[in-house]
Amino acid sequence: MSPRQFGAPEAVMVRPLLLKPQWMNGLSERLLVSHYENNYGGAVRRLNAIRTRLTALDWARAPVFEINGLKREELIAAGSVILHEVYFDSLGGHGDNPPTGLEEPSDGLAEALERDFGSVVAWRAEFTAMAKALAGGSGWVILAWSERLGRLVNQWASDHAHGLAGATPILALDMYEHSYHLDFGAKAAAYVDQVMANLNWERIGARYRLAVGERTEDDELFLPFGAPAQEEARISAEELKVLLDGDDNRRLVLLDLCLPKDLPRRTDMLAGATMHAPGALPRWVEELPRGRPIAVYCICGFQVSGAAVKELRQRGYDARALVGGITAWHAIGGKTVPLDTSTYEEAP
Ligand SMILES: [Fe+2]
């Protein structure tokens, strides 16, 4: 799964969180998940709704204000989707390890930053000063590769539709208040420093290589850690929604898996799901019906659902893991019901 669109091009599909929101370096899970589900997810939902309107528009008869309005809103929503994906993808640790705050750009990108800004330190000084200058306002600060200028640029963007023409964002820093006020109040400068202590330079470097057209085999960097590698063992939130909406016979078995320590992070679940402890798999697997498709989800679609799906498939079940977990489900506006832990196994 690369940062490019996956699935059919008609609808824009939500991308999963690659960062682990519960153990970031000074950015809270509440802030990151709210930002992802409400602001990023909201932009994805808005973009798809606008596209639906545009598809139905009679271009010969539509009033110009309707054409102008919809096309303007489409551009803003699409820019917001893309920049939020660059932002979230740029944050987080590696595998199971939290961000250290000490990471530096990988070799190729460090050389490019030195070439275009004098040094990585000089690039960072400019980039963070630009972000801090947006305190009290809003917008994006973007590190982008410009083919025409032949260099990396730090670019100011006053809104989601304000990109340097033809340039490709490598790293985007969200300076809208929703990205920091829950944790930092009005202290935007403290937020900027904290974002810089959470950068995942491996993924930022992969975006740079994609932008400059280097052949790259980095797709696994853009797959949530622990998610099944084979596509047929994964299901997107959009595909699951279509299946559930059309599943009159309730053939799909929905499993909600959660580690005991993560139960306090949960408040809701998908309707019809039963909740289990991953460690009790040998017990609950016996009750699973054979010959029915199974969708497994956890909070963000990392190794909890990934490991269970691997195990279930080895045992011959048609199991798939929900990409991005219930967090991605929230982001597409999927309905949920209050958490029911009555089927959850106590520790042996
Ligand atoms: Fe945002």
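Among the criteria (1) over 13 Å from the mean Cα position of the chain (by Cα); (2) away from the ligand (no atom under 16 Å from the Cβ); (3) open to solvent by less than 50 Å² (accessible area, probe 1.4 Å); (4) not charged (D, E, K, R), the one Met13 does not fulfil is (1). In this structure, does Ala60 turn out to be of a type outside the set (Lys, Arg), at pLDDT 95 or above and open to solvent by less than 20 Å² (accessible area, probe 1.4 Å)? Considered against the rule, which asks whether it is of a type outside the set (Lys, Arg), at pLDDT 95 or above and open to solvent by less than 20 Å² (accessible area, probe 1.4 Å), Ala60 comes out as no.
Considering region 104-117, and only residues there that are part of a loop (DSSP other than H, G, I, E, B) and open to solvent by less than 70 Å² (accessible area, probe 1.4 Å), the residue that is farthest from the ligand (Cβ to nearest atom) turns out to be Ser106. Taken over region 49-91, the criterion of being under 24 Å from Gly333 (Cβ atoms), more than 16 Å from the ligand (Cβ to nearest atom) and touching a helix residue (DSSP H, G or I) at 6+ places or on another chain (Cβ under 9 Å) is satisfied by Ala49, Ile50, Arg51, Arg53, Leu54, Leu57, Leu70, Lys71, Glu73, Glu74.
If the condition is being part of a loop (DSSP other than H, G, I, E, B), in contact (Cβ under 8 Å) with a residue 24 or more places away in the chain and more than 10 Å from the ligand (Cβ to nearest atom), then region 175-189 contributes only Ala186.
Taking the numbered list (1) touching a residue at least 40 places away in the same chain (Cβ under 8 Å); (2) more than 25 Å from Asp193 (Cβ to Cβ); (3) away from the ligand (no atom under 16 Å from the Cβ) in turn, His94 passes all entries but (2).
Checking every residue in region 281-289 against the condition of being basic (Lys, Arg), open to solvent by 60 Å² or more (accessible area, probe 1.4 Å), more than 16 Å from Leu263 (Cα to Cα) and assigned to a loop (DSSP other than H, G, I, E, B) gives zero matches. Applying the criterion of being open to solvent by 50 Å² or more (accessible area, probe 1.4 Å) and assigned to a strand (DSSP E or B) to the residues of region 136-174, the residue that is farthest from Leu199 (Cα to Cα) is Arg151. Of everything in region 304-341 that is of a type in the set (Gly, Ala, Ser), assigned to a loop (DSSP other than H, G, I, E, B) and in contact (Cβ under 8 Å) with a residue 60 or more places away in the chain, the residue that is most open to solvent (accessible area, probe 1.4 Å) is Gly333. Contact map, region 118-131: residues that are farther than 17 Å from Ala144 by Cβ and surrounded by fewer than 13 Cβ atoms within 10 Å (Cβ to Cβ) paired with residues that are at pLDDT 95 or above and among the aliphatic types (A, V, I, L, M), Cβ distance under 8 Å, separation 6+ or inter-chain. Pairs shown: Ser119/Leu113.
Taking the criterion of being under 16 Å from Val81 (Cα atoms) and more than 16 Å from the ligand (Cβ to nearest atom), the residues of region 132-174 that qualify are Thr168, Ile170. Checking each residue in region 82-98 for being part of a helix (DSSP H, G or I) and either modelled with pLDDT under 95 or more than 24 Å from Trp23 (Cα to Cα) (or both) picks out only Ile82.
The residues on offer are Gly42, Gly69, Gly101, and the sole one that is open to solvent by less than 60 Å² (accessible area, probe 1.4 Å), out of contact with any Phe, Trp or Tyr (no Cβ under 9 Å at 6 or more places or on another chain) and not in a helix (DSSP H, G or I) is Gly101.
The values are calculated or read from the model by the stated rules, or taken from the named source; none is laboratory data. This structure is a prediction, so every number in the text was calculated from the model and none was measured. Glycine also receives a Cβ, built like all others from the backbone with ideal geometry; neighbour counts cover every protein chain displayed. Accessible surface areas use protein heavy atoms only, side chains included; no ligands, DNA or RNA. Shrake-Rupley method; radii C 1.70, N 1.55, O 1.52, S 1.80 Å.
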